[in-house]
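So the structure is just underneath, and the comments pick up after that.
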Amino acid sequence: MQAGCFNIVLTDANLLYGIVQTMAEKILIVEDELALQETLAYNLKKEGYTVETVGDGRAALESARKLKPDLIVLDIMLPEMDGFEVARILRKEMTTAILMLTARDDEIDRVVGLEVGADDYLTKPFSMRELVARVKAQLRRARLLREEIGKTVEPAPHEALTFDNLTIDLTRREVILNEKPVQLKPKEYELLLFLAEHRRQMLSREFILERVWGWDYIGDSRTVDVHVRWLRQKIEVNSSEPKRIVTVRGGGYRFEG
Ligand code: CA
């Protein structure tokens with residue numbers, strides 16, 4: 001049953017991933033030199049990407065907020081607002097990958113530094129083949145990141161402790177013996193879980209009482225004996241010869257598994 005649940009989750013993730021994969025990834029090109037802007041757009045569209053182009057910094061901000069692109073190819077020297085400023089603002093608003101285009105070597109330190117934190121950069125002049133390779137690498141990285149994030153929001157797989165034919169399902173707070181649910185009272189369940197989590201350790205009645213019932217519980221350690229007896233009737237093959245919850249002479253109890 002457990003394995004089944006987990007498989008369903010994985011299948012959903014695969015389906016979802018399939019849908020994401022079939023949608024063209026979106027690239028925003030921010031470049032004020034028209035000839036270069038057109039060449040970039042042409043080459044990236046040819047690769048199957050959805051491409052939008054703008055020619056100044058302010059338009060870049062507006063467009064990025066609307067389009068939510070997977071990647072931004074961002075020139076540095078731009079009218080209205082330079083690429084450094086655009087990157088700095090967008091970094092606070094979205095996790096989109098940024099590939100910067102620099103014209104001067106002395107800009108590189110700022111591009112890769114903390115101030116801008118571009119994911120990658122290319123120094124002009126560059127070949128279209130180089131650009132396409134860098135774009136693909138960045139988008140692949142972004143895809144992997146999305147998959148990782150997707151994994152963390154999936155429901156956690158069932159948590160369970162299994163001892164041979166006995167399973168304690170922590171997610172459902174259910175105990176299964178020989179594939180059938182065992183009807184346990186809440187305290188019986190808590191006691192069994194506590195014993196199982198301390199498998200093969202000798203636990204005194206006082207310690208069990210304190211941890212399962214609470215230190216302020218008004219009662220004595222015979223409460224533990226009574227619950228152990230009830231538990232044994234439910235999970236032992238022969239409750240007068242217990243194999244799972246054994247009595248430790250002069251001490252307390254030990255869960256064998
Ligand atoms: Ca420029």
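The values are calculated or read from the model by the stated rules, or taken from the named source; none is laboratory data. These numbers come from a predicted model, not from an experiment. Reconstructed Cβ throughout: ideal geometry from the backbone, glycine too, with neighbour counts over all protein chains shown.
Name every residue in the range 70-86 that is farther than 14 Å from residue 122 by Cβ and either part of a helix (DSSP H, G or I) or within 28 Å of the chain's Cα centre (by Cα) (or both), in order of residue number.
Passing the criteria: 70, 84, 85, 86.
Out of 238, 165, 178, report the one residue that is touching a Leu at 6+ places or on another chain (Cβ under 7 Å) and at pLDDT 90 or above.
So the residue among 238, 165, 178 that is touching a Leu at 6+ places or on another chain (Cβ under 7 Å) and at pLDDT 90 or above is 165.
Can you pull out the residues in the range 87-110 that are part of a helix (DSSP H, G or I) and more than 12 Å from the ligand (Cβ to nearest atom)?
87, 88, 89, 90, 91, 92, 93, 105, 106, 108, 109, 110
Name the residues in the range 115-150 that are in a loop (DSSP other than H, G, I, E, B), of a type in the set (A, V, I, L, M) and within 11 Å of residue 99 (Cβ to Cβ), would you?
118
Answer with yes or no whether residue 36 is touching a helix residue (DSSP H, G or I) at 6+ places or on another chain (Cβ under 8 Å) and outside any loop (DSSP other than H, G, I, E, B).
When the stated conditions are applied, residue 36 does not pass them.
Every residue in the range 117-133 that is surrounded by 10 or more Cβ atoms within 10 Å (Cβ to Cβ), of a type outside the set (S, T, N, Q) and within 16 Å of the ligand (Cβ to nearest atom), please.
Result: 118, 121, 122, 124, 126, 131.
Among the residues of the range 75-86, count how many are near the ligand (Cβ under 10 Å from one of its atoms) and surrounded by 20 or more Cβ atoms within 10 Å (Cβ to Cβ).
Selection size over the range 75-86: 4.
Mind checking which pairs have a first residue in the range 27-47 that is within 22 Å of residue 143 (Cα to Cα) and a second that is aromatic (Phe, Trp, Tyr) and more than 12 Å from the ligand (Cβ to nearest atom), Cβ under 7 Å, 6 or more apart or different chains?
Taking only residues 6 or more apart or on different chains, the pairs are 27/49.
Counting just the residues of the range 29-45 that are within 14 Å of the ligand (Cβ to nearest atom) and polar (S, T, N, Q), which one comes out nearest to residue 100 (Cα to Cα)?
Across the range 29-45, the extreme among qualifying residues is 37.
For the range 46-69, name all the residues that are within 12 Å of the ligand (Cβ to nearest atom), surrounded by fewer than 20 Cβ atoms within 10 Å (Cβ to Cβ) and not in a loop (DSSP other than H, G, I, E, B).
Within the range 46-69, no residue meets the criteria.
Any residue that is touching a Leu at 6+ places or on another chain (Cβ under 8 Å) and not small (Gly, Ala, Ser) - is there at least one of those in the range 103-118?
No - not one qualifying residue is present in the range 103-118.
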